[in-house]
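K.L.:
Pasting a structure below so you can have a look.
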Amino acid sequence: MKALISHQLVRFLEDRGVKHIFGLCGHANIAVLTALENSPIRFINTRHEQVAAHAADGYARVSKTASVVLSHLGPGLTNAATGVANAALDSIPMVVIAGDVPSHFYGKHPHQEVNLHADASQFEIYRPFVKRAWRVERPDLFPEIIAKAFQLAETGRPGPVLVSVPMDIFSMEIDTELFERRRPHTREIVKPTLDEHVAERIVLTMADADRPVIYAGGGVLIAEASPELAEFAEHLSIPVAHSLMGKGVLPDDHPMVLGMTGFWGTPYINDSCRTADYILGLGTSFKEADCSSWEPEYTFDIPRSKLIQIDIDPSEIGRNYPVEIGAIADLKQALGVLTRVARRLFPTGRTNDALRAGIQTYRSDFKASNAQAESSDQFPLRPERILADVRAVLPRNAIITTDVGWNKNGVGQQFPIYEPGSILTPGGFATMGFGAPAALGAKLAAPDRVVVSLVGDGGFGQNPALLATAFESDIPVIWVIMNNFAYGTIAGLQKAHFGTTLGTVFEKDGKPYSPNYAAVARAYGVDGVRVESAAEFKPALAAAIASGRPTVLEVIMENAPVPTSGHWNIMDIYSPGKKVHHVAT
Ligand SMILES: Cc1ncc(C[n+]2csc(CCOP(=O)(O)OP(=O)(O)O)c2C)c(N)n1
Ligand SMILES: [Mg+2]
């Protein structure tokens, strides 16, 4: 029997368990949209392809499955590129299906073709950041390609893939048997585990160390290995520091958790890592911000500290620091084996009361050092006050998304996360504009959880049209816009090093300027509240959660820099030898 590819694609997606598709229409993909008409799959209509891709990214982070983006060709696909690249650099599985120019017009410059260096070459734009970019050349190859696309996105180190489909192919018929043939194929591909002997070496080395530290990255969260990590760390009493992407890998009130390292880390955390004799790096790429630009006097002093590294991706092993033992493995399985071996070799485990007490003291000292700012009634609000109030109101399992700015760096440093996977943050690409739309996807994937997007005015201002999707599709996210009338993080840097804020603050005729985002929200049909005193914020947030409606809470905030104790090499580029950091503007 023959049937249209567009229809068979939708049946295939249903069969794969796809519940939502994020996208935006164009002449190149309406055949697929039409095929969705009688499908249980919900199409989430957006006003910008970047919104679709970030929402799909948030959805995949929470649902732990590949999300699907349906894009138009040319400008639709390039609009989505930032969101897809952001997902790629955080290892998030995603299948991007894009319409392409008709195959019979390759190179003739049919409407919206990219053909300056090669004919019909839009798929090449994605090559540097997707795991694979296909251009479907023949209709009969489509079933195999789409199946491979999902498998590749979800296996190994996860990431996005692109399937670029000349639009005439969507409207062709192929034998249904070509899709049927794929059905017996498994969807559960077993991942590599850790060899027992290697596990023994690692356990003995870590147990023998005087000052061991586990350093956990986002890979542990992707592998959903938090319970195994907790068991291992507790059994051998090894403290756990983490990268930005590893935030929440264990609850921030867990007795073994040190916190986030690097530029925005605190002295205690950075010192604990710098003075370790053995570091067990798990699912982390030792990124620049997490490692204070790899300068040994700040965060990690490797190879003086010895490094053991486990990762699913071979290219991560030893990339930035030499390793003593390196292993390729799925973190969930690896940590399971490590715990089993640790229990066998050390049946009663290890205790370290001094370490526990040290972490406890550090935590209360750090909290005390922020207490004044956290309870400050000043207006514009202190950033610390906003974060403390948000944490106080949110349930423990609420999901927050961050963008870049105070909401990411300050949150990484001082906002406790209690459930693994309940903070979504743009790590590798640090994309301003991620957090607000990513929250849409997070809420669709976890409708029963409170989802709050913490975002700056710069970040929110990039794509306010995401509110149309929230309203149309009934997605009750709360956006807390921390509005300091500036690209504050960059303004602080520029002021510190160059003595000006040209192009980094928002002004009109010399006065601070911001659109009234609460009014913008209301114009889209979304609830909007402008918080104009410290006392108003908590009740407004509680009311927004209770309302169950999408709500923008615009909070006027002082532009104060996030305190730093680590280092970022850019400071030495701007002001060599001066060790200048951010200042308030
Ligand atoms: C797409 C993109 N453009 C530019 C940047 C550089 N950048 C990093 S932080 C920042 C300012 C963010 O401003 P805002 O969202 O208002 O947060 P704030 O720093 O004021 O807390 C900018 C522009 C980026 N990370 N991503
Ligand atoms: Mg700002």
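The values are calculated or read from the model by the stated rules, or taken from the named source; none is laboratory data. Since the model is a prediction, treat every value here as computed from it, not as a measurement. Cβ coordinates were reconstructed from backbone atoms using ideal geometry, including for glycine residues, and neighbour counts include every protein chain displayed. Note: accessible area is taken over every heavy atom of the protein model, side chains too, but ligands, DNA and RNA are not part of it. Shrake-Rupley method; radii C 1.70, N 1.55, O 1.52, S 1.80 Å.
K.L.:
Alpha carbon centre of the range 171-243 versus the range 1-77: separation in Å?
P.N.:
Each part reduced to its Cα centre gives a spacing of 29 Å.
K.L.:
Long-range amide H contacts for L381: which residues qualify at under 5 Å (H placed 1.01 Å from N, peptide plane, sequence gap of 5 or more or a different chain)?
P.N.:
Amide H to amide H, under 5 Å and 5 or more residues apart or across chains, L381 pairs with I556, M557, E558.
K.L.:
K148: which lysines have alpha carbons under 25 Å from its alpha carbon, excluding same-chain residues fewer than 8 sequence positions away?
P.N.:
Reachable lysines: K2, K19, K64, K131, K191, K332.
K.L.:
Would you work out what percent of the accessible area of the range 2-181, with all protein chains in place, is carbon or sulfur (probe 1.4 Å)?
P.N.:
Values: 3580 of 6820 Å².
Carbon with sulfur: 53 percent of the solvent-accessible area.
K.L.:
Okay, next question. Amide H to amide H, which residues 5 or more places from E507 or on other chains are under 5 Å from it, using H placed in the peptide plane?
P.N.:
Answer set, sorted by chain and number: Y513.
K.L.:
Could you work out the relative contact order of the range 196-357? I mean the mean sequence separation of Cα pairs under 8 Å and 6+ apart, divided by the number of residues, in percent.
P.N.:
This gives 27 percent for the range 196-357.
K.L.:
Could you look at the range 376-574 and say what percent of its accessible area is carbon and sulfur, using a 1.4 Å probe and all protein chains?
P.N.:
Here carbon and sulfur together make up 54 percent of the probe-accessible area.
K.L.:
Keeping all protein chains in place and using 1.4 angstrom, which order do H48, H117, H567, H185 fall into by accessible surface area, from largest down?
P.N.:
The residues order as H117, H185, H48, H567, largest area first.
K.L.:
On to the next question. In whole Hz, with x marking every Gly and Pro, tabulate ³J(HN,Hα) for the range 384-391 from phi via Karplus 6.51 cos²θ - 1.76 cosθ + 1.60, θ = phi - 60°.
P.N.:
Along the range 384-391, the couplings run 4, 5, 4, 5, 5, 5, 4, 4 Hz.
K.L.:
Determine the calculated [θ] at 222 nm for the chain from helices alone, applying -39500 (n - 2.57) to every DSSP H run no shorter than 4 residues and normalising by the residue count; nearest 500 deg cm²/dmol. Don't skip to the end; give the middle numbers.
P.N.:
Working: 22 runs with 224 residues, N = 585.
Helix contribution divided over all residues of the chain: -11500 deg cm²/dmol.
K.L.:
To continue, here is another question. Need the list of lysines near K508 for cross-linking: C-alpha distance under 28 angstrom, and skip anything on the same chain fewer than eight residues off.
P.N.:
Cα-Cα hits under 28 Å: K408, K495.
K.L.:
Ok, one more. Considering only DSSP beta bridges with both partners in the range 2-181, what is the antiparallel share in %, to the nearest 5?
P.N.:
Taking every DSSP beta bridge within the range 2-181, about 10 percent pair in antiparallel fashion.
K.L.:
Students often check this: by mean Cβ neighbours within 10 Å, which of 536-544, 71-79 ranks highest, and how do the rest follow?
P.N.:
Output ranking for 536-544, 71-79: 71-79, 536-544.
K.L.:
Through the Karplus equation 6.51 cos²θ - 1.76 cosθ + 1.60, θ set to phi - 60°, convert the phi angles of the range 536-552 into ³J(HN,Hα) values in whole Hz; use x for Gly and Pro.
P.N.:
Karplus values, whole Hz, x for Gly and Pro: 6, 5, 4, x, 5, 5, 4, 5, 5, 5, 5, 5, x, 10, x, 9, 9.
K.L.:
Let me make sure I get this right: for the range 2-181, a, b and c are the square roots of the gyration tensor eigenvalues over alpha carbons, sorted descending. Under 1.5 in a/c it's rounded, otherwise prolate if a/b > b/c, else oblate. Which is it?
P.N.:
Rounded shape, in that the Cα axes give a/c under 1.5.
K.L.:
Stokes-Einstein at 25 °C, 0.890 mPa s, Kirkwood radius from Cα pairs: D for the range 267-309 in µm² s⁻¹? Intermediate results must be reported in sequence, preceding the final value.
P.N.:
Values: Rh = 10.3 Å.
After rounding, the answer is 239 µm²/s.
K.L.:
Determine the per residue accessible area of the chain with all protein chains present and a 1.4 angstrom probe, expressed in square angstrom. Don't skip to the answer; put the middle values down first.
P.N.:
Details: 22720 Å² over 585 residues.
Each residue of the chain exposes 39 Å² on average to a 1.4 Å probe.
K.L.:
Could I ask something else about it? Taking a ≥ b ≥ c as the square roots of the Cα gyration tensor eigenvalues, with a/c under 1.5 meaning rounded and otherwise prolate when a/b beats b/c, else oblate, which class fits the range 196-357?
P.N.:
Cα axes put the range 196-357 in the rounded bin.
K.L.:
Another question about this same structure. With θ set to phi - 60° and the Karplus curve 6.51 cos²θ - 1.76 cosθ + 1.60, what are the ³J(HN,Hα) couplings of the range 570-577 in order, to the nearest whole Hz, using x for Gly and Pro?
P.N.:
4, 4, 6, 6, 6, 10, x, x
K.L.:
To the nearest 10 square angstrom, how much accessible area does Y513 have with a 1.4 angstrom probe?
P.N.:
Accessible area, nearest 10 Å²: 110 Å².
K.L.:
Here is a further query. Just read off the accessible area of R127 with the full protein assembly in place, 1.4 Å probe, to the nearest 10 Å².
P.N.:
Probe radius 1.4 Å; accessible area of R127 about 140 Å².
K.L.:
Can you list residues from other chains, or at least 5 along the same chain, whose modelled amide H is less than 5 Å from the amide H of A98?
P.N.:
Amide H to amide H, under 5 Å and 5 or more residues apart or across chains, A98 pairs with S71, V163, S164, V165.
K.L.:
Something else: Only Lys, Arg, Asp and Glu count, each charged at its Cβ (+1, +1, -1, -1), so figure out the dipole size of the chain about its Cα centre, rounded to 20 debye.
P.N.:
With Lys and Arg at +1 and Asp and Glu at -1, about 220 debye.
K.L.:
Report, for the chain, the % of DSSP beta bridges that are antiparallel, rounded to 5.
P.N.:
10 percent
K.L.:
Next question, about the same structure. Please state the relative contact order of the range 2-181 as a whole percent: Cα pairs under 8 Å, 6+ residues apart?
P.N.:
Numbers: 378 pairs, mean separation 46.0, N = 180.
Relative contact order comes out at 26 percent.
K.L.:
No solvent, one uniform scatterer per C-alpha: report log10 I(q)/I(0) for the range 376-574 via the Debye equation at q = 0.15, 0.18 1/Å, two decimals.
P.N.:
Debye output, listed in q order: -0.88, -1.28.
K.L.:
Which three semi-axes in whole Å describe the equivalent ellipsoid of the chain, each the square root of 5 times a Cα gyration tensor eigenvalue, listed largest first? Don't jump to the answer; show the numbers that get you there.
P.N.:
Values: eigenvalues 303, 206, 95 Å².
They are 39, 32, 22 Å, listed largest first.
K.L.:
Tell me, what is the percent relative contact order of the chain, built from C-alpha pairs under 8 Å that lie six or more residues apart? Before the final figure, lay out each step's value.
P.N.:
On the way: 1310 pairs, mean separation 79.5, N = 585.
For the chain, the relative contact order is 14 percent.
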